[in-house]
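Computed from the coordinates by the stated procedures, all read-outs in this text should not be read as laboratory data. For clarity, every value in this text was computed on a predicted model and none was experimentally measured. Note: ideal-geometry Cβ built from the backbone for every residue, glycine included; neighbour counts use all protein chains shown.
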Amino acid sequence: MITQQDSIFVTVFHLGLRLLCVKMSGLCSMADLMQKVSNQLGAQYRGKLLTLETRNASQGWTRRTPLLFAA
């Protein structure tokens, strides 16, 4: 669960290459997070298998998820 007060660190990898590493806040949900990641990555990685690592520094959890980037 994500709240607007949380500090979220997002790292996206493709074949071991770090594509994106950002800190986000003001998000209400994972859908918001995915929309921002999609906007920052652009169309270049559509159809690629990426690894999304999210760390919620405020709540103390980390999640690493494979992701087929479609948009």
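In terms of modelled amide H atoms, which long-range or inter-chain residues lie less than 5 Å from the amide H of Lys48?
Here Phe69 satisfy the definition.
So what are the ³J(HN,Hα) numbers for the stretch 9-25, from phi and the Karplus equation (6.51, -1.76, 1.60; θ = phi - 60°), rounded to whole Hz, Gly and Pro as x?
9, 10, 10, 10, 10, 9, 6, x, 8, 6, 8, 8, 8, 9, 10, 10, 8
Per residue of the stretch 59-68, what does 6.51 cos²θ - 1.76 cosθ + 1.60 with θ = phi - 60° give for ³J(HN,Hα)? Whole Hz please, x for Gly and Pro, Karplus curve as stated.
9, x, 10, 10, 9, 10, 9, x, 9, 7
Taking H as built 1.01 Å from N, whose amide H comes closer than 5 Å to the amide H of Leu19, not counting residues under 5 places away?
Val12, Phe13, His14
Could you run the Karplus curve 6.51 cos²θ - 1.76 cosθ + 1.60 with θ = phi - 60° over the stretch 38-53 and give me ³J(HN,Hα) per residue in whole Hz, x for Gly and Pro?
4, 4, 7, 7, x, 7, 4, 10, 4, x, 9, 8, 10, 10, 9, 10
In debye, nearest 20: dipole of the chain around its Cα centre with unit charges on the Cβ of K, R (+) and D, E (-)?
200 debye
Tally Lys/Arg at +1 and Asp/Glu at -1 over every other residue whose Cβ is under 14 Å from the Cβ of Trp61; what's the total?
After counting each charged neighbour, the total is +1.
Mind jotting down the three principal axis lengths of the stretch 7-69 based on Cα atoms? Whole angstrom, largest first.
Extents along the principal axes, in whole Å: 31, 20, 15.
Given an 8 Å cut-off on Cα distances and at least 6 residues of separation, report the relative contact order of the chain as a percent.
After rounding, I find 35 percent.
Using the per-residue mean of other Cβ atoms lying within 10 Å as a proxy for protection, in what order, highest first, do the peptides 3-11, 50-58, 15-23 fall? Mind dumping the intermediate values first?
Numbers: 3-11: 14.7, 50-58: 16.3, 15-23: 11.1.
In descending order of packing, they fall as 50-58, 3-11, 15-23.
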